[in-house]
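Here the structure comes first, spelled out in structure tokens, and everything after it is commentary.
The values are calculated or read from the model by the stated rules, or taken from the named source; none is laboratory data. Fair warning: this is a prediction, and the values are worked out from it, not measured in the lab. So basically every Cβ, Gly included, is an ideal-geometry build from the backbone, and we count neighbours across all protein chains shown. With ligands, DNA and RNA removed, areas are computed over all heavy atoms of the protein, side chains included. Shrake-Rupley method; radii C 1.70, N 1.55, O 1.52, S 1.80 Å.
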Amino acid sequence: MDPTLPDMDIEGWFCQKCNSPLTMVKVNVTYMGASFAVDLPSCANCHTTMIPDFLAFGKMLEVEKLLEDK
Amino acid sequence: MHKVDLLALEDRCTYEEPPACQSFCPLHVEARTMIQHIVAGKVGEARKTLDRHMPLAQLTGWLCEGACREHCLRHGLDAGINLPLLERYILQNSRSVKPFPMPASANRIATVGTSLAALVLAFDLSRKGHKVTLYETGPRGGALLSVVDRMPEGQLEGACSLVSGLGNSFEEAPAQTPDFLAKLLDENRVVFIDQGDPTVNPRALGLSPEELIADPVTRGSVKDRVFLAPASEIANPFLEAAAAGKKTVGSLDRLFQGVQPGIAREREEVFQTTLVVDTSDAIPIEPVIPADPLEFTPEEAKGEAARCLNCTCQICLSVCPHLRHYKGYPKKYAREMYNNVITAYGIHTANILVLSCAECNLCKEVCPNQAEVTFFVQKARKFMVDTNHMPAAAHEYALEDLLSSNAPGTGFFRLPPGENACQKIFYPGCQLVASRPQTTAQTYEYLNKTLKGVGLMSGCCGAPAKWSGRSVLTGTVAGEIKKVWSENGQPTFILACPSCSLFFKTELPEINTESLWEVLAGIVPDRPTVSMALTLHDPCASRYEEGIQKGARKIISSVAPSFSEQKYSGRLTKCCGYGGLAAHAQPELGMEYSIDTAQDGDAPLVSYCIVCRDRFKAAGFPSLHLLDLLFPEGDLSELMNRPMPNLSEKRDRRLDFRQQVLKSIWQEEVTDPPKIPYEIVIPPEIYELMEKRRILKGDVEAVIAEAAVHGPLFLNRNNGHSLASLRPRQVTFWVEYTIDEDGRYLVHQVWCHRMVAPGVPGEGAESPATLEGYARTGGRV
Ligand code: SF4
Ligand code: SF4
Ligand code: SF4
Ligand SMILES: [Zn+2]
């Protein structure tokens with residue numbers, strides 16, 4: 001499964017600790033023993049990663065539901 | 001979860017049993033389906049249905065005399081459906097589908113006589129690749145020749161040429177002698193004697209009277225390889241003849257495969273169906289009398305077909321929103337649920353069926369066969385939990401609520417003020433405390449004043465854990481109650497909530513309990529009569545508790561003597577949707593339950609379970625709790641319309657209840673929980689969104705508390721917002737906020753997810769044992 005994401009509005013967000021901007025990186029997300037790769041905004045320096053609202057309640061929720069029925 | 005559990009439910013649900021018209025048809029024509037096709041104007045489909053069970057329908061169909069009619073459920077009401085004429089209507093307005101040629105077999109069969117049974121036999125056998133020689137002992141067609149006026153012209157000739165066109169042949173029989181029969185048996189595997197043909201002379205063939213008695217199901221004679229059609233002195237000779245031909249084909253199928261002809265032949269005769277149909281609402285409709293007594297016009301046929309009751313068992317469906325919602329019936333559900341649950345891999349689409357049952361037992365009570373769905377669903381859920389297939393999201397909030405109710409600082413037990421022992425403990429239950437804290441306190445004081453020696457215990461009994469199929473958690477929570485009980489001289493528990501009563505009965509049978517409603521019935525406080533009309537609702541957990549139901553009636557009649565009853569009450573009461581945590585797993589369906597139940601009754605409802613009362617109100621029906629009539633915490637019209645508290649409010653109220661009661665009744669110095677040194681402002685629209693997303697105020701507070709110490713994770717340079725995150729349980733929460741000049745946290749957005757990812761707070765936090773872990777540590781504060 002590879003949810004392709006709409007253009008993510010990550011404009012303006014910075015890592016508070018490193019003061020560096022966020023870049024999109026491919027990350028492996030896991031739930032109920034299953035995992036899949038998704039592009040997420042992440043700090044270029046310390047790799048702290050964000051899961052934005054529209055993603056959590058859009059595609060991710062769909063995938064969570066799918067995996068729950070697995 | 002075993003196959004026997006499935007079979008137990010499957011066996012009881014008779015939904016798939018045939019209707020009477022079919023069970024009493026000698027050929028078991030699926031009349032109900034056929035009629036529904038006529039209603040829908042699909043005569044071709046009706047013909048296919050007819051052909052499936054009626055061999056050589058183009059002949060047989062004209063000769064049926066409708067033995068089913070007196071068994072049709074319309075029979076006692078007005079008149080049985082006129083199936084013979086409907087069948088003729090189908091025959092005249094459709095064509096049969098050409099049989100598909102089968103590879104030829106080496107089996108040769110002969111018939112003596114050429115009446116209906118022989119033609120049917122030949123027709124059916126040739127469609128399986130066998131060849132039949134039909135020996136004419138007289139004119140072709142036998143007894144059929146005397147009824148040609150009952151069918152359109154040329155019908156008999158047409159049928160005979162159809163039979164020969166399929167590879168069978170007609171031959172003139174020589175003189176009927178024992179030698180002739182011996183020769184036939186020599187040349188053929190089987191000989192069929194069509195006694196319905198008046199020119200057949202079995203005695204001349206050398207068959208003895210004993211040899212002429214056929215087994216009613218196989219049609220076999222005691223003489224080897226000889227099969228018989230009945231002689232024609234029976235009630236409906238032609239349909240019986242067709243049935244005999246059909247049964248013989250069934251015997252030969254087995255014989256040719258080396259199986260005993262008598263194996264697996266149940267229900268080939270007519271039988272009494274076990275299908276139960278509720279006809280109490282059926283309105284009599286005059287049967288359609290055709291202008292031409294021999295034929296229906298299309299309108300007449302449709303009219304007559306429309307009278308069919310389409311007999312099915314809808315009894316449990318008519319009372320259960322869950323069964324209706326998924327358009328099924330217990331037998332079908334049982335199979336789906338069973339397959340779903342035992343499959344380790346693949347998609348578990350039937351999870352939702354298992355999770356949306358309210359485990360209320362109403363279906364069992366209305367079912368003519370007491371089919372038990374609740375028991376099956378409970379087993380299925382437990383199995384899902386034990387095999388790690390229970391979706392975490394389904395019940396998590398209910399279980400969180402349970403644990404927080406029992407967490408130190410919220411749950412508590414106290415001996416009666418100023419005493420060091422107690423005879424009884426009042427246990428109001430987690431929901432009453434959260435919804436009616438002052439009423440609960442007043443009730444306690446009244447009990448202790450009147451009965452003396454009554455302690456108080458606030459918490460959750462563990463019913464949600466049981467509903468969700470979690471036996472370990474159920475045991476842990478029940479164990480905590482048992483500990484208090486045994487450390488305090490094994491007092492009797494007075495239970496306000498009928499679900500607690502049910503839970504104690506099964507999970508804590510050693511504890512002596514009384515229902516608050518039985519207790520109060522004996523000591524009803526004096527209250528002015530309430531003049532408004534009220535309708536009593538029995539919570540579904542009280543279904544089998546007549547004592548509790550009686551107590552509740554005694555109480556309400558002392559305050560509101562003119563109260564009325566619901567149509568569904570007592571043993572037949574309906575669930576509000578909270579039972580079995582159905583409303584947690586499937587909120588929309590939960591609302592369907594609430595509306596369905598609350599609609600029954602013409603005045604505001606009074607329940608003696610606070611969850612029912614709160615849910616009825618949430619569904620738009622003002623309602624009261626029975627204690628509102630005795631120990632009201634406001635005026636009745638306000639109480640009646642008070643909204644159901646949300647999850648965050650429930651938590652706060654339980655906390656408050658403890659603080660208030662310990663201060664005022666026990667005169668304890670209670671330290672208020674440490675105040676957070678800042679204010680959090682959640683705008684109403686965000687609060688509403690949180691309830692939808694099932695995010696608690698406490699979750700937001702926890703994220704901000706974390707951010708207050710460690711700072712947010714991200715900052716936005718465009719709008720100055722901060723973003724912080726925390727994963728306190730199997731959910732990661734995000735809060736987007738700003739801090740104003742007064743140091744207040746203004747919340748702009750809140751969201752959450754269950755997934756984990758590297759770099760996102762909570763990575764590695766997923767542990768299936770978390771919930772059980774909470775139980776041991778007393779929950780999250
Ligand atoms: S009432 Fe329900 S469970 Fe019982 S036989 Fe009818 S359909 Fe089946
Ligand atoms: S009402 Fe219809 S389904 Fe019921 S017995 Fe009569 S013909 Fe059959
Ligand atoms: S919700 Fe109640 S009536 Fe419906 S299937 Fe479940 S136990 Fe039966
Ligand atoms: Zn960083």
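Past 21 Å, Cα to Cα, is the threshold; run B:LYS382/B:LYS697; B:LYS675/B:LYS697; B:LYS505/B:LYS550; B:LYS379/B:LYS466 against it and keep the listed order.
Table pairs above 21 Å Cα-Cα are B:LYS382/B:LYS697.
How large is the direction-averaged shadow of the alpha-carbon convex hull of chain B, in nm²?
45.4 nm²
Under a point-charge model restricted to the Cβ atoms of Lys and Arg (+1) and Asp and Glu (-1), what is the dipole moment magnitude of the protein assembly as shown relative to its Cα centre, in debye to the nearest 20?
Rounded to the nearest 20 debye, it is 1300 debye.
Counting only residues 5 or more places away or on other chains, whose amide H sits under 5 Å from the amide H of A:GLN16 once H atoms are built in the peptide plane?
Amide H to amide H, under 5 Å and 5 or more residues apart or across chains, A:GLN16 pairs with B:PHE714, B:LEU715.
With a ≥ b ≥ c the root eigenvalues of the C-alpha gyration tensor of the range B:394-648, is it rounded (a/c under 1.5), prolate (a/b larger than b/c) or oblate?
Verdict is oblate for the range B:394-648.
For the interface of chains B and A, what total accessible area is buried with a 1.4 Å probe, rounded to the nearest 100 Å²?
3000 Å²
Quick one: which residues, 5+ away or cross-chain, put their amide H under 5 Å from the amide H of B:GLY455? H built at 1.01 Å from N.
Excluding prolines and chain starts, which carry no amide H, the hits are B:GLN423, B:LYS424, B:ILE425, B:PHE426.
List every residue whose amide H lies under 5 Å from the amide H of B:ASP78, counting only residues 5 or more places away in sequence or on a different chain, with H placed 1.01 Å from N in the peptide plane.
Excluding prolines and chain starts, which carry no amide H, there are no hits.
Over the whole of B:724-735, what's the average partner chain Cβ count within 10 Å per residue? Rounded to a whole number, please.
1
In whole Hz, with x marking every Gly and Pro, tabulate ³J(HN,Hα) for the range B:82-93 from phi via Karplus 6.51 cos²θ - 1.76 cosθ + 1.60, θ = phi - 60°.
Result, rounded to whole Hz: 7, 5, x, 5, 5, 5, 5, 4, 4, 4, 6, 10.
Could you tell me which of the pairs B:LYS3/B:LYS331; A:LYS59/B:LYS327; B:LYS424/B:LYS449 are separated by over 18 angstrom between their Cα atoms in the structure shown?
Violating the 18 Å limit, Cα to Cα: A:LYS59/B:LYS327.
Tell me, how many Å apart are the Cα centres for the range B:103-129 and for the range B:273-329?
First find each Cα centre; the distance between them is then 38 Å.
Starting at the first residue of the range B:403-416, write each ³J(HN,Hα) from the Karplus equation 6.51 cos²θ - 1.76 cosθ + 1.60 with θ = phi - 60°, in whole Hz, x for Gly and Pro.
Working through the residues one at a time gives 5, 5, 5, 9, 5, x, x, 10, x, 7, 9, 9, 5, x Hz.
Separation of the range B:251-272 and the range B:692-769 by C-alpha centroid, Å?
70 Å
Nearest 500 deg cm²/dmol is fine: what mean residue ellipticity at 222 nm does chain B get from its DSSP H runs of n ≥ 4 alone, each adding -39,500 (n - 2.57), divided by its residue count?
Taken over chain B, the calculation gives -12000 deg cm²/dmol.
What's the center-to-center distance, using Cα atoms, between the range A:27-46 and the range B:469-527 in Å?
47 Å
Relative contact order for chain B: what is it in percent, counting Cα pairs under 8 Å that are at least 6 residues apart?
That works out to 10 percent.
For B:GLU638 and B:ASP600, what is the calculated FRET efficiency with R₀ set at 30 Å and r taken between the beta-carbons, to the nearest 0.05?
FRET efficiency, B:GLU638 to B:ASP600: 0.75.
Could you give each residue of the range B:163-171 its phi-based ³J(HN,Hα) in whole Hz, using Karplus coefficients 6.51, -1.76, 1.60 with θ = phi - 60°, and x for Gly or Pro?
5, 6, x, 8, x, 8, 9, 9, 9
Please enumerate, by chain and number, the lysines with C-alpha under 27 Å from the C-alpha of B:LYS131, excluding those fewer than 8 residues away in the same chain.
B:LYS48, B:LYS98, B:LYS183, B:LYS223, B:LYS246, B:LYS247
Given the peptides B:398-406, B:641-649, B:585-593, arrange them by the average over their residues of other C-beta atoms within 10 Å, most packed first.
Ranking the peptides B:398-406, B:641-649, B:585-593 by packing returns B:398-406, B:585-593, B:641-649.
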